[in-house]
1. How do the pairs read when you match residues in region 9-36 that are touching a residue at least 40 places away in the same chain (Cβ under 8 Å) with residues anywhere that are among the hydroxyl-bearing types (Ser, Thr, Tyr) and open to solvent by less than 100 Å² (accessible area, probe 1.4 Å), using Cβ under 6 Å and keeping only pairs 6 or more apart or on different chains?
2. Tell me which helices (runs of 4 or more DSSP H) are completely within region 1-89 and hold 1 or more residues being at pLDDT 85 or above and surrounded by 10 or more Cβ atoms within 10 Å (Cβ to Cβ), or say none if there are none.
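The values are calculated or read from the model by the stated rules, or taken from the named source; none is laboratory data. No experiment lies behind these values; they were computed from the predicted model shown. In this analysis, Cβ positions are derived from the backbone assuming ideal geometry, glycine residues included, and neighbour counts consider all displayed protein chains. Quick note on the areas: whole protein, heavy atoms, side chains included, nothing else; ligands and nucleic acids left out. Shrake-Rupley method; radii C 1.70, N 1.55, O 1.52, S 1.80 Å.
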Amino acid sequence: MKPPRPLRWQFLTLFVGLLVPTLLFVGVLLWYFAASERTRVEQDVQTEAHGLSVAFDREIHGVLTTLQALATSPSLAAHDLPAFPPFSDVQGGCRASDFHHCLPAGATITPSTKPKIVTKILGSRG
């Protein structure tokens, strides 16, 4: 008959017997969690990219619409920039790069200062 194994050996066997399956289970859970997080992040990135794409397309469409409307101006077709309506009210003219900063002569910058076209559009809605 074999002598019984020491108590230390029995505790080590019990410890390894419990630890190895637990570690394998935790490893499998972590693997699935990482895969699901990767899928979630990819979906978030795709959603964000789609939103940016829609916003970019909307901006480009707005710019193209504005340019198509400006292309119908007879003043621009005749290369007569001072007669072009946004520039005609500006004293001394302004450069194309300052287009958004040009105000009519004597105008002050207040929240109520609106270009004539905005006033006309807002007035036509009623």
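1. Pairs that qualify, where the first residue is touching a residue at least 40 places away in the same chain (Cβ under 8 Å) and the partner is among the hydroxyl-bearing types (Ser, Thr, Tyr) and open to solvent by less than 100 Å² (accessible area, probe 1.4 Å): there are none.
2. Working: elements: 7-71, 74-77, 85-88.
Because the criterion is at least 1 residues that are at pLDDT 85 or above and surrounded by 10 or more Cβ atoms within 10 Å (Cβ to Cβ), the helices (runs of 4 or more DSSP H) in region 1-89 that meet it are 7-71.
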